[in-house]
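Contents: one structure, followed by commentary.
Each reported figure results from applying straightforward, stated rules to the coordinates on display, with no laboratory input. All values derive from a computational prediction rather than experimental measurement. As a convention, Cβ positions derive from the backbone with ideal geometry for all residues, glycine included, and neighbour counts pool all protein chains shown.
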Amino acid sequence: MAQHNAYTVGMSPTPTPTLRPSKPADLETHVAHRVAMFRDMEMGSEEGLKRMAEAFRNQLRGWLVTGQCRGLVLEEQGRIVASVLMLMKDTLPTPVTPLSVRGYLFNVYTEPSHRRKGLAARLTDAALDLARDLGIEIVELHASLEAEGMYQRMGFVPTSEMRLVMGAGIKTPKQWKHRR
């Protein structure tokens, strides 16, 4: 049987998204991706997502200006289809490494129309390359249940981290329960 591809049937091939560093103009995309990520995980009310978006916008703007946070995006035909952010997070030295800065990957998000194409893995690999270039020895993240397998295949391991929610009226999200 003859193989058919985009060239044999007269269609143009699907473009490969281009990787580039985030620019200040990408701020709103990172905010929108964060809201969409939590909405996809069914975490938070619309009011809570709105409050988070405003606080995150202000926080991320400052981090991007100081360089404490770096972003990467995958762009296709001028439209961002996936993104990741990496925060240079102050932490305590440990016997594993005396360095007091770790990379914290967050906001790994792919637009629904571009999922299951390896874009999240491509972004994560690029962020890990950036971390190596910056001399970071440990990179952390919080994975959705759907992404845990991908991160484990990339070498990430579950840790003993725990969390206590102490704010009045704040409920522990169901996604935090029974993760081990």
Collect the residues in the range 57-68 that are more than 17 Å from Ala25 (Cβ to Cβ) and part of a helix (DSSP H, G or I), keeping them in residue-number order. Gln59, Thr66
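Looking at the range 106-116 only, could you name the residues that are out of contact with any strand residue (DSSP E or B) (no Cβ under 8 Å at 6 or more places or on another chain) and in a loop (DSSP other than H, G, I, E, B)?
Arg115, Arg116
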Quick one: Gly67 ticks every box in (1) within 21 Å of Leu19 (Cβ to Cβ); (2) of a type outside the set (Phe, Trp, Tyr); (3) in contact (Cβ under 8 Å) with a residue 40 or more places away in the chain bar one, so which box is it? (3)
Among the residues that make up the range 151-173, is at least one of them touching a residue at least 24 places away in the same chain (Cβ under 8 Å) and within 15 Å of the chain's Cα centre (by Cα)? yes
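Yes/no matrix, rows are residues, columns are (1) part of a strand (DSSP E or B); (2) surrounded by fewer than 17 Cβ atoms within 10 Å (Cβ to Cβ); (3) at negative phi:
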| position | (1), (2), (3) |
| --- | --- |
| Ala36 | no, yes, yes |
| Ala53 | no, yes, yes |
| Gly71 | yes, no, yes |
| Leu85 | yes, no, yes |
| Val96 | no, yes, yes |
| Gly103 | yes, no, yes |
| Gly135 | no, yes, no |
| Ala143 | no, yes, yes |
Criterion violated by Glu75 - all others in (1) within 16 Å of the chain's Cα centre (by Cα); (2) outside any strand (DSSP E or B) satisfied: (2)
The range 11-34, residues that are touching a Leu at 6+ places or on another chain (Cβ under 8 Å) and not in a loop (DSSP other than H, G, I, E, B): Thr18, Leu19, Arg20, Pro21, Pro24, Leu27, His30, Val31
